[in-house]
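The block underneath contains the structure these notes are about, expressed in structure tokens.
Values quoted throughout were computed directly from the atomic coordinates according to the rules given, and no laboratory measurement underlies them. Here the structure is a predicted model, which means the values were calculated and not measured. A quick note on method: Cβ atoms are made from the backbone with ideal geometry, for glycine too, and the neighbour counts reach across all protein chains shown.
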């Protein structure tokens, strides 16, 4: 068990990269959410993949921007302000930004929640807590290596997957393809 935890931690740390790629996503299952509430009144929805999967498959004419990130990933933290700016700029255009934290559960109270509060994140932040990465990563995108940051932009059945970091200009350019 210790070896498995060390292996997962090592993969997570090594996988934080900035390269580019593209394309799609898969669907369906059940729903389990755990609300974690601390004394600082930051609600954090925590899902296993089956519960999280609903966020990948909404079919309601809204455009979703889903970013996978973690507080320990430098490129992820660097691009977060761009997602926040996008969330604010497009809030009246049926665009929803969802920030999916892949932080380790033991860091929710000591790192993730203080980070959310300090950065005043206005986008929806949820935590994905499912250690079976080999099962759920290909369900997000068959070509995803598991590296973060990674982003999905989709509207109904049209979706694109990005295993890269974004500038604000790149992010708006990609989003506008879904709005036109």
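Remarks
- Residue ID - nearest to the chain's Cα centre (by Cα), chosen from residues in the range 161-180 that are surrounded by fewer than 16 Cβ atoms within 10 Å (Cβ to Cβ) and in a loop (DSSP other than H, G, I, E, B): 167
- Checking residue 122 against (1) closer than 30 Å to residue 180 by Cβ; (2) not in a loop (DSSP other than H, G, I, E, B), the condition it does not meet: (2)
- Applying the criterion of at least 1 residues that are surrounded by fewer than 19 Cβ atoms within 10 Å (Cβ to Cβ), touching a strand residue (DSSP E or B) at 6+ places or on another chain (Cβ under 8 Å) and in contact (Cβ under 8 Å) with a residue 24 or more places away in the chain to the strands (runs of 3 or more DSSP E) found wholly in the range 43-110 leaves 43-47, 95-101.
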